[in-house]
Amino acid sequence: MVTRDSDCLHRFVFEHTDVRGELVHLDASWQAVLERQAYPPAVRNLLGEALAAAALLSATIKIDGYLQLQLQGDGPVGLLLVEVTAQGTLRGLAHWKGEVDDAGLERQVGTGARLTITIDPGEGRDRYQGLVAVEQASLAATLEDYFRRSEQLDTRLWLAADEGRAGGMLLQRLPAGQGEDEDWNRDVFLGDTLTREELLQLPARDLLRRLFHEEDVRVFEPQPLSFRCSCSKERTEDMLRGLGYDEVRAILNEQGRVGVNCEFCRQEYAYDAVDIERLFAAADQPEVPPTRH
């Protein structure tokens, strides 16, 4: 039995050219996402492709915070949101209504849909946000369109997902490289021979050997990836304080409790009357200066 890579991101470069690449396989992390919500096959596969894509994009930039991909439109898939952090953790969700088929991304997300890429570099630095209209038949082609329009970078992606695994490969031409057009064209031509089954089934090194066995490819140590949600009791309480005492108390009076459910991980945070009074009483306390000795 062939051992497959599990939840790893592989970076690689083509020596003596200006072409680099990334390859990702999501297994346990993908299953952790699916355990928290049952998705129709078409929605599930799109969500898996988006998670793989976010992992690939996170490897092309230096971040200390997180990278998010968000698809939003008026189609059957109204919202899709995935996030990858600098620590290699990821999470994702999708909202849909009615029947969703495999007729292409434009049909799934609707007319006027947009793809938003948000990058939080961390350390208090300003967030970056880029947008592109969804005018392509696939998520991979839409992201290629984004890089062509917004970043002026030659970029190609191959994405796939099923009920067991999500995977993706990215090739990108470095802007300051000194390589020839024929290097990029040849590597993309070879990449286009990749099948969906190979992307989902072959181990990373076998896949790269199959595609680029005549190229001088250097593969770096893989980066592990895992599912993890960034929700917490502290964040939930900050959100409730932001709503204000009167609004939270109105919810409590109507429902008998205040419940907050994380859509990413399905964790529930519940608060009764005593909890709410404690929460807002603590917020009203003045800061006590440290005692000097």
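Values quoted throughout were computed directly from the atomic coordinates according to the rules given, and no laboratory measurement underlies them. Just so we're clear, the structure is a prediction, and the values are computed from it rather than from any experiment. Cβ coordinates were reconstructed from backbone atoms using ideal geometry, including for glycine residues, and neighbour counts include every protein chain displayed.
Worth pointing out:
- Calculated from the structure at hand, Rg and Dmax of the Cα atoms in Å is found among [x] 22.1, 72; [y] 23.5, 88; [z] 19.1, 64 as [x].
- Estimated distance in nm for a label pair at Arg249 and Asp216, the labels positioned 7 Å out from Cα along Cα-to-Cβ: 7.4 nm
- Potential extension, Glu234-Phe189 segment - 0.36 nm per residue separation minus Cα distance: 11.2 nm
- Rounded to the nearest 20 debye, the dipole size of segment 233-284 about its Cα centre is 140 debye, using +1 on the Cβ of Lys and Arg and -1 on the Cβ of Asp and Glu.
- Gyration tensor verdict on segment 34-126 (Cα atoms; rounded if a/c is under 1.5, prolate if a/b is larger than b/c, oblate otherwise): prolate
- R0 of 35 Å, Cβ-Cβ distance Ala28-Phe280: FRET efficiency to nearest 0.05: 0.30
- Membrane-span-like helices in the chain, defined here as complete DSSP H runs extending at least 20 Å along the helix axis by their C-alpha atoms with mean Kyte-Doolittle hydropathy no lower than -1.0, are 41-58; this is a sequence and geometry rule, not a statement about a membrane.
- Length added when fully stretched, Ala273-Thr60, from 0.36 nm per residue minus Cα-Cα: 71.9 nm
- Cα-projected label distance for Arg209 with Asp162, points at 7 Å along beta-carbon direction, nm: 2.3 nm
- Note on segment 36-88 and segment 172-221: Cα centroid distance 23 Å, given to the nearest whole angstrom.
- Compared with the alpha-carbon gap, the fully stretched path from Lys97 to Glu182 is longer by 26.0 nm at 0.36 nm per residue.
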